[in-house]
Amino acid sequence: MLRVGLTGSIGVGKSYVSGVLTELGCHVVDADVVARRVVEPGSEGLRRIVEAFGGWVLRPDGTLDRSAVSAVIFKDAAKRELVNSLLHPLIIAEQDEVLRRWEREDPRGIGVVDAALMIESGGHGRFDQLVVVHCRPEVQLERLMRRNGYTREEAAARIGAQMPQEEKLRYADFKIDTSCGYEETRRQTEEVYAELRGLAAAEARP
């Protein structure tokens, strides 16, 4: 199976690209879904977070108060790094287990992990190919304001807390520019898929 990492900064349209790849027949797992799973009640991830930060991170029902934790770590880079160091190994292990299952079921297929922090976490090195989704900075800012209801300053702060798009693009095997809307993005995604399909077929040859 061809293992593909799909990444991109906040507000660039990565979820749309992920959806198109799913439609085209790729196996896709969203890192956000995995991240929620590794902090479910009774999990090792939740135990680590409570041990590091205290009981205030829990809701009354025993689940992680993700919005409270996010509000704290967004303002504090050291705490953000701590959370990432505690959870990323668990998230990566879970992703790898999903990829191994897909490989058993569909050895000639394409397995895609969709993760915003793939490069930052160092997890990008596990993949055969890396697809980076990007767009013009002004488009990213407007999308984030519209989608999340942020002010321009809030949206800029969220973008500023992540690795710059130009830096992510240096790691890319394939680039998809979403600046010009859905139709053009789909066209580029289909082109990338066709190339990935060819690489998967070549890899599967005896």
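The values are calculated or read from the model by the stated rules, or taken from the named source; none is laboratory data. All values reported here derive from a predicted model rather than from experimental measurement. All Cβ positions, glycine included, derive from the backbone under ideal geometry; neighbour counts span all protein chains shown.
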* To do: May I ask you to verify whether residue 194 is closer than 27 Å to residue 27 by Cα, modelled with pLDDT under 95, among the aliphatic types (A, V, I, L, M) and out of contact with any helix residue (DSSP H, G or I) (no Cβ under 7 Å at 6 or more places or on another chain)?
  => no
* Structure fact -> Sole miss for residue 162 among (1) surrounded by 15 or more Cβ atoms within 10 Å (Cβ to Cβ); (2) touching a helix residue (DSSP H, G or I) at 6+ places or on another chain (Cβ under 8 Å); (3) not aliphatic (A, V, I, L, M) is condition (2)
* Any pair with Cβ under 7 angstrom, 6 or more apart, that starts in region 81-99 at a residue that is within 14 Å of residue 48 (Cβ to Cβ) and ends at one that is of a type in the set (Ser, Thr, Tyr) -> 84/121; 88/121
* Structure fact -> Pairing a residue in region 184-195 that is part of a helix (DSSP H, G or I) with any residue that is acidic (Asp, Glu), where Cβ atoms lie under 9 Å and the two sit 6 or more apart in sequence or on different chains, gives 184/177; 185/177; 188/177
* Asked: Among the listed residues 15, 9, which satisfies the condition of being surrounded by fewer than 18 Cβ atoms within 10 Å (Cβ to Cβ) and either in contact with a His (Cβ under 7 Å, 6 or more places away or on another chain) or not hydrophobic (A, V, I, L, M, F, W, C) (or both)?
  -> 15
* Is it fair to say residue 176 is touching a strand residue (DSSP E or B) at 6+ places or on another chain (Cβ under 6 Å) and in contact (Cβ under 8 Å) with a residue 40 or more places away in the chain? -> yes
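In this structure, is residue 28 under 29 Å from residue 196 (Cα atoms), surrounded by 14 or more Cβ atoms within 10 Å (Cβ to Cβ), touching a Ser or Thr at 6+ places or on another chain (Cβ under 7 Å) and not charged (D, E, K, R)? Give the steps one after another, and end with the answer.
Numbers: under 29 Å from residue 196 (Cα atoms): yes; surrounded by 14 or more Cβ atoms within 10 Å (Cβ to Cβ): yes; touching a Ser or Thr at 6+ places or on another chain (Cβ under 7 Å): yes; not charged (D, E, K, R): yes.
Considered against the rule, which asks whether it is under 29 Å from residue 196 (Cα atoms), surrounded by 14 or more Cβ atoms within 10 Å (Cβ to Cβ), touching a Ser or Thr at 6+ places or on another chain (Cβ under 7 Å) and not charged (D, E, K, R), residue 28 comes out as yes.
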* **Residues being surrounded by fewer than 19 Cβ atoms within 10 Å (Cβ to Cβ) and among the small types (Gly, Ala, Ser) - total across region 101-142** => 4
* Asked: Quick one: what pairs do we get from region 56-76, first residue aromatic (Phe, Trp, Tyr), second part of a helix (DSSP H, G or I), C-beta under 9 Å, 6+ apart or different chains?
  -> 56/68; 74/80; 74/157; 74/158
* To do: Given the conditions (1) of a type in the set (Val, Ile, Thr); (2) within 30 Å of residue 136 (Cβ to Cβ); (3) surrounded by fewer than 19 Cβ atoms within 10 Å (Cβ to Cβ), report the number of the one that residue 98 does not fulfil.
  => (2)
* Asked: Do you know which residues across region 76-91 are touching a helix residue (DSSP H, G or I) at 6+ places or on another chain (Cβ under 7 Å) and charged (D, E, K, R)?
  -> 79, 80
